[in-house]
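Here is the structure we will look at.
Every read-out reported here was derived from the displayed coordinates using simple, explicitly stated rules and does not represent laboratory data. Being a predicted model, the structure only gives us computed values, none of them experimental. All Cβ positions, glycine included, derive from the backbone under ideal geometry; neighbour counts span all protein chains shown.
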Amino acid sequence: MAPDVNALQNHPGDVEYPVRSRRRYARVLEAKRKADPAEMRRRALPVTLIAAPFGITGFVLSFVWQVDDVIVNFFAFAVGMAVGLLVASIILARRDAGAPRRAQLAYIAASGRQPLTTRQQQILALDCASDFAARGWNGSLAFTPTYAELPQELRMKHQDGEKGSPWFSLPVASLKQLRGALDEQFKIVTKADAELLVADTLTMGLNSQRFAEVVHSDGGEHMMTRVAGLTDLAVFDIQDLARGTEEHPARLLLAADIERGIGGIRYAYVAGYLTAQETWTLLEPLAEKAFATYRSWDEYWREVIIATAFRTDSLQAVQSQRDALADLRRSSWPAASVTWPASGARA
């Protein structure tokens, strides 16, 4: 786990952790720049400043070498400019290769992000599969850069994203766009809605509600057999999720509800409805229930995969999620190495 507030994460859209200079970033930025006339004009200035001295030097040297032919003089200038343009392209490409890293450092400095405690990283790891799949951040409360973390002067200057990002190589979605997506996915438009999501999750989340309805329907047995087949588990394992005792109610699809709840609350933070302190306060009871119910990451993710099979009824979706989790475990992400809490899980 990154122990330092200035530790870089993966570049959004990539899984490498932490981000570093890469030639492919230069190619991506150049393609993006060519689609933006304003950026092309801005690029022309450093190119000219680097290339022009080479052209002038060639022009001057032609006179030093006592060449009196004007055509030759301008040819020397053209050759010098060609060399200068080549040098400019090499220098600026190298600079572009490190642009995402510099932009993320600038974002970290502007946001004043605080270092995570071990407990906080454990909480975020409960949502790491979706972060990894979306190529987002899992080493910070925000899973993507957001104006909600930036100082007021930057927010006003860029109108919370309506006037673009402060950094060309680090896209920052507008709060308007984030809030629209949050409402569509979680029906959260206020702080109270986020609090209700936590309360519902702790009682019976959306995945568990649907699972319970199907379990007690005429198609319940068929559904459990189908889910067992998709996940390559015994049907008794699926049936056990619907069985409870006086001491412990049926788990149903609790793991998936916890994952969804943590994702929704983090999204509410990214959209600016919650402060960091409010977000951690809402996340804590969700994490506590997960850590008190399951005994390991393997057990937790096993039941998330069961929920994926139930929700999608798709072998491809189950296989894709398993592959993503395997890739995550092999990665250098903080979530791949954080430990499951040693105490609290029920026997």
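Here are some notes:
- Sites matching trypsin sites (Lys or Arg not before Pro) across region 290-324 that sit in DSSP coil, with at most 16 neighbouring C-beta atoms within 10 Å: 295
- Considering only GluC sites (Glu not before Pro) in DSSP loops that have at most 10 other Cβ atoms within 10 Å, the longest stretch of the chain without any of them is 1-245.
- Using the Cβ-Cβ distance between residue 36 and residue 316 with R0 = 45 Å, the FRET efficiency computed as 1/(1 + (r/R0)^6) comes to roughly 0.75.
- In the chain, the DSSP-assigned H stretches of four residues or longer account for a calculated mean residue ellipticity at 222 nm of -21000 deg cm²/dmol, using -39500 (n - 2.57) per stretch and the full residue count as denominator.
- With the charge dipole of the chain set up from +1 on Lys and Arg Cβ and -1 on Asp and Glu Cβ about the Cα centre, the Cα lying farthest toward the positive end among the listed residues 292, 269, 75 is that of 75.
- Each residue of region 290-300 is assigned a 3J(HN,Hα), and the resulting list reads 5, 6, 7, 9, 9, 10, 6, 5, 4, 5, 4 Hz, derived from the Karplus form 6.51 cos²θ - 1.76 cosθ + 1.60 (θ = phi - 60°), x at Gly and Pro.
- Dipole magnitude of the chain about its Cα centre (Cβ charges: Lys, Arg +1; Asp, Glu -1), debye to nearest 20: 1420 debye
- Estimated Rh, region 191-316: Kirkwood, alpha-carbon pairs, angstrom: 15.2 Å
- Cβ-defined net charge surrounding residue 123, 10 Å radius [Lys, Arg +1; Asp, Glu -1]: -1
- Cross-link partners for residue 163 among the aspartates and glutamates, with Cα-Cα distance under 19 Å and sequence neighbours closer than 8 places in the same chain left out: 36, 39, 149, 153.
- Each of 326, 239, 208 was placed along the dipole of the chain (beta-carbon charges, centred on the mean Cα), and the one lying farthest toward the positive end is 326.
- Every pair of different Cα atoms in region 99-167 enters the Kirkwood calculation, which places the hydrodynamic radius at 13.2 Å.
- Residues residue 296 and residue 323, FRET efficiency given R0 of 30 Å [Cβ-Cβ distance, rounded to 0.05]: 0.90
- A Förster radius of 35 Å, combined with the Cβ-Cβ distance separating residue 330 from residue 162, puts the computed FRET efficiency at roughly 0.30.
- Residue among 141, 86, 197 with the largest mean-square fluctuation in a Gaussian network model of the chain, springs linking Cα atoms under 10 Å: 86
- In order along region 315-326, the Karplus-derived 3J(HN,Hα) couplings, from 6.51 cos²θ - 1.76 cosθ + 1.60 at θ = phi - 60°, round to 5, 4, 5, 5, 5, 5, 5, 5, 5, 5, 5, 5 Hz, and Gly and Pro are given as x.
- Cα centroid separation, region 112-137 to region 2-64 (Å): 30 Å
- For region 170-206, the set of trypsin sites (Lys or Arg not before Pro) satisfying both a DSSP loop assignment and a count of at most 12 other C-beta atoms within 10 Å is given as 187.
- Per-residue 3J(HN,Hα) values for region 115-129, derived from phi via the Karplus relation 6.51 cos²θ - 1.76 cosθ + 1.60 with θ = phi - 60°, read x, 7, 7, 4, 4, 5, 5, 4, 5, 5, 5, 5, 10, 6, 5 Hz in sequence order (x marks Gly and Pro).
- Dipole of the chain [Lys/Arg +1, Asp/Glu -1 at C-beta], most positive-end residue of 93, 54, 173: 54
- When only alpha carbons of region 108-252 are considered, Rg and Dmax amount to 20.5, 59 Å.
- Mean separation of Cα contacts under 8 Å, 6 or more apart, over the residue count of region 114-337: relative contact order %: 27 percent
- Diffusion coefficient of region 23-97 by Stokes-Einstein, Kirkwood radius over Cα pairs, 25 °C, 0.890 mPa s: 183 µm²/s.
- Choice from 217, 140, 208 with maximal GNM fluctuation in the chain (Cα, 10 Å cutoff): 217
- Remark: spin-label model distance residue 239-residue 63 equals 9.7 nm, labels positioned 7 Å along the Cα→Cβ axis.
- Sparsely packed trypsin sites (Lys or Arg not before Pro) within region 87-127, loop by DSSP, other Cβ within 10 Å at most 15: none
- Correct option for Rg and Dmax of the Cα atoms in Å [calculated from the coordinates] among (1) 71.3, 199; (2) 26.8, 102; (3) 26.9, 99: (2)
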